[in-house]
Structure formats: C-alpha cells, structure tokens
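Read the structure below first, then the notes.
The values are calculated or read from the model by the stated rules, or taken from the named source; none is laboratory data. All figures in this text were calculated on a predicted structure; none of them were measured in a lab. Here the Cβ positions follow ideal geometry from the backbone for every residue, glycine too, while neighbour counts run over all protein chains shown.
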Amino acid sequence: MLKVAQQTVTASAVGVGSNHNAAAESVEDDAGCEFANVNLSDAKLLLAQAQNDVQSAQAELARAMGVATAGTYSLADEAMPVRCPDEWSRCCRMR
C-alpha cells in the first residue's frame, strides 16, 4: 500500500507540472490545474495515511512479540518449495 501511495504522489506531481505548463497557454486550463492540485493533495494525504498505517503495524508487531520498542521490519515473500520434502511424502504414504 505504501509503494502504491508513493507512486500515486509521483504520478500526480507529474500531472500538476504538465497542467501548469498547459495553463500558461490558456485560461481554460486553470480548472485542469486546480483538479491536478487536488489530486496531488489527495495522493499526499493517502501517502501520509499509509505511512501511519505502517508505523502502527510495526508498533503492534513489536507489542505482540514482547519487544519494548518498535523496530523497522521489512517483509519479504518467502519462496515455497517446488515439491514436498521427503519426510512429508513419507507421512502421506503412511496414511
């Protein structure tokens, strides 16, 4: 969620820049600039909320693990084994 919010802010900032350039050519494009600014503000708010959610989740994880202070944890997908280990296969055959 955090990565999506960061990408949205970046994309919205690009949109604001292009709309400001277009607005210099026409008064009608001022509305486009305002919409782009609103979208950028919304994206920044969503980013702040996502960052807050990450910090809250890390604090909750630290509490659940019994750690006094919250650390920074990064999650990574763990590759699943391609096939069952031999001991699992033996267990299945025993049934």
* To do: Evaluate region 76-84: report whether one residue or more is out of contact with any Lys or Arg (no Cβ under 9 Å at 6 or more places or on another chain), closer than 30 Å to ALA13 by Cα, surrounded by 12 or more Cβ atoms within 10 Å (Cβ to Cβ) and modelled with pLDDT of 80 or more.
  => no
Within region 12-67, of all residues that are in a helix (DSSP H, G or I), among the hydroxyl-bearing types (Ser, Thr, Tyr) and at pLDDT below 80, the one nearest to LEU2 (Cα to Cα) is SER12
